[in-house]
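Everything below concerns the one structure shown next.
The values are calculated or read from the model by the stated rules, or taken from the named source; none is laboratory data. Bear in mind the structure is a predicted one, so any value in this text is a computation, not a measurement. For neighbour counting, all protein chains shown are included, and Cβ atoms are generated from backbone atoms with ideal geometry for every residue, glycine included.
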Amino acid sequence: MFFIKALIVIMTPSIALALPVLKGKQSLDNIRFISQDGKFTYYQRRSGKLQLSTNYSNKEVLEGQKHTQYFIHSSPARNKLLIEQDNAFHREMGVNKVNKIHLVDFGGHESKLLAEGISPRLHRDDSYISIFYPKEKLIGVREVKDSKDKVLIELLNPLNPSFVPKVLMPTPNDVIYTDINKEGHQAFLIHAVLDKKMKTLYKAVYPGSKLEGCIVGEDLIVGEFPQVANMSGSRIVKIPLFNNENYLKTDIIYQAQNSDIGNMVCNDNKVFFIKTMAHNKKINLKETEVASINLKTKEVTVLSDLEYVTQIISMDGMILAPLRGKYYIVKGKRNIVNDALKKDKSK
């Protein structure tokens, strides 16, 4: 049971906002990562190469097969980057498919192959790395300096073969992750590295709900978003990670009857997510916008007027909303085009 304080959600009046559009000298379809100041960008070529453009020069980072896709993962620490290399993006779609995971310095081009897995993440000021191995249903955790995983956590998940856990590290000795039980409930669990004990931090109210999370200060912020319409609605909860016996002390900072998409991102003491504004149940069509919640005041603000937002991306402190081939800047500099972005004329 959770002891939850009553909450009145404050909604800021929504005004049509004309969000600026991200522009670059490279095609946006090819850009994999761009720094917030526009001084360097990583982009991929059809030939299968990943390149770094900075200071009017281009450097090769990785080379793969033709049409190889690259996905770059960063953190607020801005010390390292993780590169996920998918050599068979258009050919293989299996649930146990793995990609090559590489490590580079932030803004660097010299890479180090770490492992083959998916969903790599940086933790603890980029000093720790987690990787998921779908075939074995294992989460591996290691320090950046190590060549092998020091911690392996096996998922229970008897139901969903395509499930990919969320992984967080509040301390070097604690790993927080999501799992699914036999009834279909997702939960956030905390694994103590030293004694290998596990406790439940938060369990979804209804089966089929998707859990997302992030750490802000000493709190775990959990978003629960139904994947199908049900009576639970959506909620975002704050859970203190310290001085909170059995993690019973929780605080709802947002709840709504509609089934929000979620896609939660934490940035500057705010939670950004995709909110359902209206839902036509006859044709199952949702009107969705980017919204934010101030964690101190619990004030909810609608930030976009795009009608059909389905995804938000966090990239080096920026919050982007891709829609119909454009990337709208929800948070970040309005113009980050920089002369350091040299146009690549090769195909």
Name the one entry in 312, 336 that is modelled with pLDDT of 95 or more and either of a type in the set (Phe, Trp, Tyr) or surrounded by 16 or more Cβ atoms within 10 Å (Cβ to Cβ) (or both). 312
How do the pairs read when you match residues in region 97-112 that are within 28 Å of residue 163 (Cβ to Cβ) and part of a loop (DSSP other than H, G, I, E, B) with residues anywhere that are of a type in the set (Asp, Glu) and at pLDDT 95 or above, using Cβ under 6 Å and keeping only pairs 6 or more apart or on different chains? 98/116
Scan region 160-188 for residues that are in contact with a Lys or Arg (Cβ under 7 Å, 6 or more places away or on another chain) and closer than 18 Å to residue 136 by Cβ and report the count. 3
Take the residues in region 32-73 that are within 21 Å of residue 314 (Cβ to Cβ), within 23 Å of the chain's Cα centre (by Cα) and not in a strand (DSSP E or B), then tell me which one is modelled with the highest pLDDT. 35
Does any residue in region 241-253 that is closer than 12 Å to residue 200 by Cα and in contact (Cβ under 8 Å) with a residue 24 or more places away in the chain come within less than 6 Å, Cβ to Cβ, of a residue that is outside any loop (DSSP other than H, G, I, E, B) and of a type in the set (Phe, Trp, Tyr) six or more places away or on a different chain, and which pairs are these? 248/3
With the structure loaded, tell me whether residue 273 is modelled with pLDDT of 95 or more, buried (at least 19 other Cβ atoms within 10 Å of the Cβ) and at negative phi or whether it fails that test. yes
Have a look at 212, 154 and point out the one that is more than 18 Å from residue 75 (Cα to Cα) and among the charged types (D, E, K, R). 154
Residue list for region 232-260, filter: under 23 Å from the mean Cα position of the chain (by Cα) and either in a helix (DSSP H, G or I) or aromatic (Phe, Trp, Tyr) (or both): 254
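Each row is one residue, and each column tells you yes or no for (1) crowded, with 17+ Cβ neighbours inside 10 Å; (2) within 25 Å of residue 318 (Cα to Cα); (3) out of contact with any strand residue (DSSP E or B) (no Cβ under 9 Å at 6 or more places or on another chain).
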| site | (1), (2), (3) |
| --- | --- |
| 87 | no, no, no |
| 102 | yes, yes, no |
| 105 | no, yes, no |
| 122 | yes, yes, no |
